[in-house]
Each structure stands twice: as structure tokens, then as C-alpha cells.
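Have a look at the structure below before the remarks.
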Amino acid sequence: MTDRLGYRRKFGVIAPSTNTIVQPEFDMMRVPGVTSHYGRILIRDGRIGDDEGMEALLEQIRASMADCVEGIMTMQPDYMVMGMSAETFWDGVEGNRQFVAQIKELSGGLDVATGAEACERALKLFGAKKIGVVTPYTPIGDANVRKFFTELGFEVGTIKGLCCPSAVSIAHVSEQTLREAILEVDGPDVDAIVQCGTNLCMTELADEAERWLGKPVIAINAATWWMALRDNGIDEKLYGYGSLLRDH
């Protein structure tokens, strides 16, 4: 017997309690037979307007991770998906590997899609060498993003960190602000633009921006969803969320 709606795959998604964008964006990109089921990490203090706040947020996430995964496992998922990105970039490539290993251990060996690895795969697929990056983070978060991509061999040009004051306020960033940020990190020598932060509303704007710029604009929610689908042999092409899901 298979799940009536998730008859192809059931994804267990880990997301902070403060995040209001990742779930609706994943839902917009749904395909028949694949369902997403969310475990929420309780964030009591979502202030992230400075480096100390970013560190405190990550401490809250780490303290609640095991309980979150335990809850998700009660619905017997087939695969795990990270609906948050800062933790997946922290401490560079090795930090991401350790994080994946932790989730695999907590979930009894399930594979997991992280935003960091999804962006890595996408950039390699596109053959990008130099990238521009947009994030909601403070300088400490941007430094970890730079570390991750630099360790993989990418040249990281401008990073535009929006220094959002709280985890909730990330979802309030306007389309105009994001448009300006994309243009700020672009340049004639930039091969692709990456957006980090799963609570930034970016998937549809990234699709549009690719048409203005003539180059890949990788929204992290679209990339993570793409990785999850393709890892599970689901090859539907989705339109309106960027060339990654449309053409690959």
C-alpha cells in the first residue's frame, strides 16, 4: 500500500518556525504524487540584525534539530529536505557535510537535500566560474557563504547581505529591494547569481531576472526542490521558477 497523495515520494521538510516563505514556495512547485510534510524548529528569539543574533539563531536551531527530525519521522518520509539555508553553509564545505551526516543519522539513513549542495550542483551544471550572491544575512553569514563557495573553487564576487533585523522580517523584503540587489551583484564577468535564505521570496523573481540578464539566477528554494525531485528520479519540468527546473 502507498500513500494516497504521496504515492511517489513523501518529503520530510525541516524549517524554522519563523519561516513563512519556504512552505508556500515548495507548494507552488509541487508535482503529482509528491507531498511535503513539515517539522518546525522553534525559534524563540528571531533577532538576527547583527552577528551575535545570527549565532544565537543557529544555536536555537541546533538545540531543536533532533526533536524536529524525530517528529518528522513519525510520518515515515522517504527523503529529507532542508527548508533553511544558513546552517547548510556554516563552516564551509566540511560544515555542510557534517550537517548532512547529522540529519542522516537522526533520520535512520535518509538522503537529504540542502540548499548549499543544491546550489553547488546547479552552478557546476551551468559551468559557472564567478558568482554574485544575495543573502538576508549579516557579515558573519555572508562570510560563511563565501567560504563555502570559495572552497568549492568558485570565484565569489560581490555579496549583498541585506542584514534583515529578524528572521520573520526576511519574508518582508520587497521585490524592488531584491531586484536592486540582483543588479548590484551582477557584472559582465559574473556567470551566475545565487540567492541564499529560504525565507526570501525569490523563485518567481529569479525566473524573470534570468530573462533580463541572460544568465542563471539560482533561487535557493527552487534549487533545493530541484535537487530533491531529481535525486528521487522525478523528472517533471516546471515552468515559472527558473531555468534549472525548466530545462534540467
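The values are calculated or read from the model by the stated rules, or taken from the named source; none is laboratory data. All figures in this text were calculated on a predicted structure; none of them were measured in a lab. Every residue, glycine among them, receives a Cβ derived from its backbone with ideal geometry; neighbour counts consider all protein chains shown. We work out accessible area using only protein heavy atoms, side chains counted, and drop any ligands, DNA or RNA first. Shrake-Rupley method; radii C 1.70, N 1.55, O 1.52, S 1.80 Å.
Quick notes on this one:
- Selection status of Thr135, under 30 Å from Leu213 (Cα atoms) and among the β-branched types (Val, Ile, Thr): yes
- When the stretch 41-52 is limited to residues that are surrounded by fewer than 19 Cβ atoms within 10 Å (Cβ to Cβ) and of a type outside the set (D, E, K, R), the one that is farthest from Pro136 (Cα to Cα) turns out to be Leu42.
- In the set Gly157, Gly153, only one residue is assigned to a strand (DSSP E or B) and surrounded by fewer than 20 Cβ atoms within 10 Å (Cβ to Cβ); that residue is Gly157.
- Just one of the listed residues (Thr35, Thr74, Thr2) is free of Cβ contacts under 8 Å to residues at least 60 places away in the same chain, under 23 Å from Tyr239 (Cβ atoms) and out of contact with any Pro (no Cβ under 6 Å at 6 or more places or on another chain), namely Thr35.
- Looking across the stretch 163-212 at every residue that is open to solvent by 40 Å² or more (accessible area, probe 1.4 Å) and hydrophobic (A, V, I, L, M, F, W, C), the one that is farthest from Met29 (Cα to Cα) is identified as Cys163.
- Search result, residues across the stretch 111-149 that are surrounded by fewer than 20 Cβ atoms within 10 Å (Cβ to Cβ) and in contact with a Lys or Arg (Cβ under 8 Å, 6 or more places away or on another chain): Asp111
Residues checked against (1) among the hydrophobic types (A, V, I, L, M, F, W, C); (2) farther than 17 Å from Trp90 by Cα; (3) surrounded by fewer than 22 Cβ atoms within 10 Å (Cβ to Cβ):
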{"site": "Gly6", "(1), (2), (3)": "no, yes, yes"}
{"site": "Lys10", "(1), (2), (3)": "no, yes, yes"}
{"site": "Ala15", "(1), (2), (3)": "yes, no, no"}
{"site": "Phe26", "(1), (2), (3)": "yes, yes, no"}
{"site": "Pro32", "(1), (2), (3)": "no, yes, yes"}
{"site": "Gly39", "(1), (2), (3)": "no, yes, no"}
{"site": "Ala56", "(1), (2), (3)": "yes, no, yes"}
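- Of the helices (runs of 4 or more DSSP H) lying entirely inside the stretch 1-108, those carrying at least 1 residues that are touching a Lys or Arg at 6+ places or on another chain (Cβ under 7 Å), at negative phi and not polar (S, T, N, Q) are 51-73.
- Residue pairs whose Cβ atoms lie under 6 Å apart, separated by 6 or more positions or on different chains, with the first residue in the stretch 203-220 and at pLDDT 95 or above and the second of a type outside the set (A, V, I, L, M, F, W, C) and in a strand (DSSP E or B), are Ala219/Gln195; Ile220/Gln195.
- Filter result for Ile193 (in contact (Cβ under 8 Å) with a residue 60 or more places away in the chain, under 24 Å from Thr18 (Cα atoms) and not small (Gly, Ala, Ser)): no
- Restricting the stretch 208-221 to residues that are in a helix (DSSP H, G or I) and touching an Asp or Glu at 6+ places or on another chain (Cβ under 8 Å), the residue that is nearest to Val145 (Cα to Cα): Asn221
- Output for the stretch 104-156, where each listed residue is of a type in the set (Phe, Trp, Tyr) and farther than 20 Å from Pro188 by Cα: Tyr137, Phe148
- All positions within the stretch 205-228 that are aromatic (Phe, Trp, Tyr) and within 20 Å of Gly127 (Cβ to Cβ): Trp226
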